[in-house]
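Asker: For reference, the structure I am asking about is given below.
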Amino acid sequence: MKILIKLFSIMFAFGFLVVLVAAYYVYFVLMPELPVIDDLQDTEFQVPLRIYDKNEFLLAEYGEHRRIPVKYEEIPKKIELAFLAAEDDQFWNHAGVDPLALLAAAYELVTTGHKTRGGSTITMQVARNFFLSTEKTYRRKLNEILLALKIEKDLNKQKILELYLNKIYLGNRSYGIVAAAQVYYGKTLEELSVAQAAMIAGLPKAPSRYNPIINPQRALIRRDHIIRRMGQLGYISDEDYQIAKAEPVSAELHVSKVSADARYVTEMVRAEVFQKYGKEVYGSGLNVYTTIDDRLQTTANKALRTALLDYDRRHGYRGATGKIDLSKVKQDPFEEGLVDTNNIGNLIQGVVKVVEEDRIKVMLPDYKLVNVPFVKGIDWARPFINENRRGPEIKSPAEAVTAGDIVWLEHRKEEWWLASVPAVEGAMVSIDPSSGAVLALVGGFDYFNNKFNRAVQAKRQPGSNFKPFIYSAALEKDFTAASMINDAPVVFEDDSLEATWRPENYSGRFYGPTRLREALVKSRNLVSIRILQSIGLRYATKYAQRFGFEKKDMPYDLSLALGSGAFSPLEIVRSYAVFANGGYLVTPYYINRIESRSGDVLFENKPMTVCQGCEPAEQDEPGSESLADTGASEQAVEPDDEIQYAPRVITPQNAYIMRSIIREVVRRGTAVRAKALGRTDIAGKTGTTNDQKDAWFSGFNDQVVTTAWVGFDNQKPLGGRETGGRAALPMWIEYMREALDGLPINLEEQPDEIVTVRIDSDTGERATKNSVNSRFEIFKLGTEPAEKLIVELYPDGNETTKGSSTTQQEAIEEDIF
């Protein structure tokens, strides 16, 4: 008996010593090393950078973690109960640690030698996820227990559960339950069924192993186990249990829903925000609100892609992208990786299954079999030879494709059409001329296929798109809209051009004395050169800088008159905004404001806006005389100190006359196709460079300015007759039809010091009773032709002639350089 007592005493002493050592180890070794949890109450989760349009519709997300934090009060009960059933059904009863669960885990380890369960409560998982590593050691488990006890002491249960459900990783880059609901089901939490909630609740244990997209069968077993536990615990009724268990697996990958494809412009936004705030932007939850209009952005994408596909079809079919021997395909060409299932732009790839006399049948990646009709869908597909040549016309689908061909398709006008990914590229930029706000921007056919942003990065020759700026300069150098300039052959021995230069009009014809207005409307090259020669290169280049052009981008020779400089579409659209808004230079911008995750405004753009009469009385422009010297004068308006006003860079009289001329380009010049819009307030100018390497169209009214460009990245020719009016103008028309829909037709008010005079169309002088051809012309006061000169020049009325017999087609063709 004494021996037993002695043995018991020794064991008690040893046990007490072990407890004492353990307590010492915990208190003096582990406790000091535990992280401080004081900030857990105010935890800010990693939330991606989100970019929105002007109407606060999502355009893009940037960041590794997809997460949308949610408050406990906003979590549906079925979500909470599903997670409690899966992870910790005693959550509301324990103090952070579940002793029975820990003992069960310890017993399993001792009896089996394996550790398949950790006994972790939700609170312990919060401790691990926020403060500890994922290594599986006894020391980490002990730290986890101690931290859990500390967390339970400092936070209430609701907050702990909120932290857990927002922090956990649930696969496919989704963190937290809101992101998981969107990623797997494209739903909000409220919209999830019990079965879907159980599926998500099964993911924390092993997000990859139980991923319902990758491993649906394994995920189903885990889901059903959780549903069964919910029934056993009384969380759901028997009826709900049966309904949930019978529900099939419906999970599929859902990307973030964006309102418009705006990748080119959102990348510009991302880069600017990153430069301002650093790499923390990808997890700090910043919200950036842009000037982009999602409706117009969608239209711009569609218009550009349609125009490039139309160009591509005009030049022939470049063949299938690959071929499959259908007899050797064992199962599925898409699952076997034989066909790329990624779309490019609005094109989708499929496999030709059947070729018939009047159609082909193509299988798409969703296994839908679609018909592609021969008429319109295939009959265009003459073989491509080069930009100027195609093969013979085809009479049946079999001449273009065969069964097994991998082809691109476009869905247009409720039909499927055969297509190729265009080798040609394009860009479009649209801005508000009153502020410079970018409404839509597209930098190419597809951002993910080619990330080069041609709207801002491509410096291309504008050709005739540049002519209005030369003509505007001429109006300040004793020229008027009625000035006569000889359209005749000319040869220049110009050292700067390194050779004898013999420019000519596109048609190769010469039209003799031509009024300045007529020369711009018909895009006469020789007249433009003579005007530039008359006003001087020095003056012209300095004047062009008023529109935002940089001197380094303009050649110092007479080819400048034909647009031989190099500018981006964004620079061109900015310069045309000067004409649209009555003479003011605005600065394009695309960020309205930046807010923190809590809604605090970190940055707000205050653009320089147009205000008639609010600008300073004198405004010196880079490299040019002040506007006081050019006759600009307006009634002063009391300025608002909170608003920055755009500077006036050309006189209101100059802007008014130029708008009148450019508007006539649409009425009867190289842009007559734009009359299809049925508006009287639009103006625009085509542009085509030498050898048709670039095609442009820039046009506007007083509310929207848009520039469209088409060309190859390697600057090879577009091919014969691919002028600005054919290649670029159609996309501008399609876009502006939507952009101007519902907007009133506005014709600007005539400024002071403008007079209207009837002139002789053939001479540019004031019309007399003997004039056969006459029209009204507008002039800046003091520049109109004098009546007495007409009487002296035309005493007998024999000098009049019939109007020009130039056809509309010839007029359109006068668009080169």
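The values are calculated or read from the model by the stated rules, or taken from the named source; none is laboratory data. The structure presented is a predicted model; accordingly, all values stated were derived computationally and were not measured. Here the Cβ is made from the backbone with ideal geometry for all residues, glycine too, and neighbour counts use every protein chain on show. For the accessible areas, the whole protein counts, side chains as well, though only heavy atoms, and no ligand, DNA or RNA atoms are used. Shrake-Rupley method; radii C 1.70, N 1.55, O 1.52, S 1.80 Å.
Asker: Tell me yes or no: at least one residue of region 265-287 is in a helix (DSSP H, G or I), touching a helix residue (DSSP H, G or I) at 6+ places or on another chain (Cβ under 6 Å), over 24 Å from ALA423 (Cβ atoms) and of a type in the set (Phe, Trp, Tyr).
Answerer: Within region 265-287, one or more residues are in a helix (DSSP H, G or I), touching a helix residue (DSSP H, G or I) at 6+ places or on another chain (Cβ under 6 Å), over 24 Å from ALA423 (Cβ atoms) and of a type in the set (Phe, Trp, Tyr).
Asker: Pull up region 394-405, narrow it to residues that are open to solvent by less than 10 Å² (accessible area, probe 1.4 Å) and in contact (Cβ under 8 Å) with a residue 60 or more places away in the chain, then point me to the one that is farthest from LYS716 (Cα to Cα).
Answerer: Among them, the one singled out is GLY404.
Asker: How many residues does region 171-200 contain that are assigned to a loop (DSSP other than H, G, I, E, B), closer than 16 Å to PRO69 by Cβ and open to solvent by less than 10 Å² (accessible area, probe 1.4 Å)?
Answerer: Count: 1.
Asker: Same structure, new question: Can you spot a residue in region 657-666 that is surrounded by 18 or more Cβ atoms within 10 Å (Cβ to Cβ), basic (Lys, Arg) and either at pLDDT 95 or above or assigned to a helix (DSSP H, G or I) (or both)?
Answerer: The answer is yes, given that some residue of region 657-666 is surrounded by 18 or more Cβ atoms within 10 Å (Cβ to Cβ), basic (Lys, Arg) and either at pLDDT 95 or above or assigned to a helix (DSSP H, G or I) (or both).
Asker: Working only within region 668-706, note down all residues that are open to solvent by 10 Å² or more (accessible area, probe 1.4 Å), touching a residue at least 24 places away in the same chain (Cβ under 8 Å) and within 19 Å of ASN746 (Cα to Cα).
Answerer: ALA676, LEU677, ARG679, THR680, ASP702, GLN703
Asker: Same structure, new question: Would you be able to tell me the number of residues in region 223-244 that are under 16 Å from SER193 (Cβ atoms) and crowded, with 16+ Cβ neighbours inside 10 Å?
Answerer: Matching residues across region 223-244 total 11.
Asker: Tell me which residues, restricted to region 547-562, are within 23 Å of ALA519 (Cα to Cα) and more than 28 Å from the chain's Cα centre (by Cα).
Answerer: Within region 547-562, MET554, PRO555, TYR556, ASP557, LEU558, SER559, LEU560, ALA561, LEU562 meet the criteria.
Asker: Within the bounds of region 163-170, is there any residue that is within 16 Å of GLU87 (Cα to Cα), touching a strand residue (DSSP E or B) at 6+ places or on another chain (Cβ under 9 Å), outside any helix (DSSP H, G or I) and open to solvent by 20 Å² or more (accessible area, probe 1.4 Å)?
Answerer: Within region 163-170 (the criterion being within 16 Å of GLU87 (Cα to Cα), touching a strand residue (DSSP E or B) at 6+ places or on another chain (Cβ under 9 Å), outside any helix (DSSP H, G or I) and open to solvent by 20 Å² or more (accessible area, probe 1.4 Å)), the answer is yes, since at least one residue qualifies.
Asker: Name the residue that is most open to solvent (accessible area, probe 1.4 Å), counting only residues in region 245-287 that are of a type in the set (Asp, Glu) and touching a Phe, Trp or Tyr at 6+ places or on another chain (Cβ under 9 Å).
Answerer: My answer is GLU252.
Asker: Sticking with this structure for a sec: Name the residues in region 79-93 that are open to solvent by 20 Å² or more (accessible area, probe 1.4 Å) and either on the phi > 0 side of the Ramachandran plot or modelled with pLDDT under 95 (or both), would you?
Answerer: Matches in region 79-93: ALA86, GLU87, ASP89, GLN90, TRP92, ASN93.
Asker: Further question on the same structure: Within region 288-315, how many residues turn out to be open to solvent by less than 20 Å² (accessible area, probe 1.4 Å) and aromatic (Phe, Trp, Tyr)?
Answerer: Looking only at that region, the number is 1.
Asker: Another question, then. Just to confirm my filter: which strands (runs of 3 or more DSSP E) fall fully inside region 406-521 and include at least 2 residues that are over 30 Å from GLN297 (Cα atoms) and modelled with pLDDT of 95 or more?
Answerer: 484-487, 512-515
Asker: Determine whether ARG648 is basic (Lys, Arg), modelled with pLDDT of 95 or more, out of contact with any Gly (no Cβ under 8 Å at 6 or more places or on another chain) and surrounded by 17 or more Cβ atoms within 10 Å (Cβ to Cβ).
Answerer: So ARG648 fails the test.
Asker: Determine which single condition THR756 fails, assuming it passes every other condition in (1) among the hydroxyl-bearing types (Ser, Thr, Tyr); (2) at pLDDT 90 or above; (3) more than 31 Å from the chain's Cα centre (by Cα); (4) crowded, with 19+ Cβ neighbours inside 10 Å.
Answerer: (4)
Asker: May I ask you to verify whether ALA728 is buried (at least 18 other Cβ atoms within 10 Å of the Cβ) and closer than 26 Å to GLY687 by Cα?
Answerer: When the stated conditions are applied, ALA728 passes them.
Asker: Right, something else. Restricting attention to region 584-637, and to residues there that are modelled with pLDDT of 55 or more and of a type in the set (Val, Ile, Thr), which single residue is surrounded by the fewest Cβ atoms within 10 Å (Cβ to Cβ)?
Answerer: Step by step, filter region 584-637, then rank; the result is VAL601.
Asker: If only one of GLY377, GLY391 is among the small types (Gly, Ala, Ser), within 16 Å of ASP312 (Cα to Cα) and surrounded by fewer than 17 Cβ atoms within 10 Å (Cβ to Cβ), which one is it?
Answerer: Sole residue among the options that is among the small types (Gly, Ala, Ser), within 16 Å of ASP312 (Cα to Cα) and surrounded by fewer than 17 Cβ atoms within 10 Å (Cβ to Cβ): GLY391.
Asker: How about region 533-585: which of its residues are free of Cβ contacts under 8 Å to residues at least 24 places away in the same chain, touching a Leu at 6+ places or on another chain (Cβ under 9 Å) and part of a helix (DSSP H, G or I)?
Answerer: LEU537
Asker: Still on this structure: Determine, yes or no, whether GLY319 is of a type outside the set (S, T, N, Q), part of a loop (DSSP other than H, G, I, E, B) and buried (at least 16 other Cβ atoms within 10 Å of the Cβ).
Answerer: So GLY319 does not fit the description; no.
Asker: Only one of GLY337, GLY285 is on the phi > 0 side of the Ramachandran plot and without any contact (Cβ under 8 Å) to a residue 40 or more places away in the chain. Can you tell me which?
Answerer: GLY337
Asker: Another question, if that's okay. If only one of SER420, SER435, SER483, SER464 is surrounded by fewer than 22 Cβ atoms within 10 Å (Cβ to Cβ), within 21 Å of ALA683 (Cα to Cα) and not aromatic (Phe, Trp, Tyr), which one is it?
Answerer: Result of the check over SER420, SER435, SER483, SER464: SER435.
Asker: Here is a check on your reading of the model: is VAL527 modelled with pLDDT under 95 and over 23 Å from LEU718 (Cβ atoms)?
Answerer: No; evaluated as a whole, the condition is false for this residue.
Asker: Could we say that TYR511 is over 30 Å from GLU784 (Cβ atoms), open to solvent by 10 Å² or more (accessible area, probe 1.4 Å) and either touching a residue at least 12 places away in the same chain (Cβ under 8 Å) or more than 35 Å from the chain's Cα centre (by Cα) (or both) here?
Answerer: So TYR511 does not fit the description; no.
Asker: Out of LYS150, LYS115, LYS159, LYS136, which single residue is in a helix (DSSP H, G or I), open to solvent by 30 Å² or more (accessible area, probe 1.4 Å) and modelled with pLDDT under 90?
Answerer: LYS150
Asker: Would you mind stating whether ILE344 is among the aliphatic types (A, V, I, L, M) and open to solvent by less than 10 Å² (accessible area, probe 1.4 Å)?
Answerer: So ILE344 fails the test.
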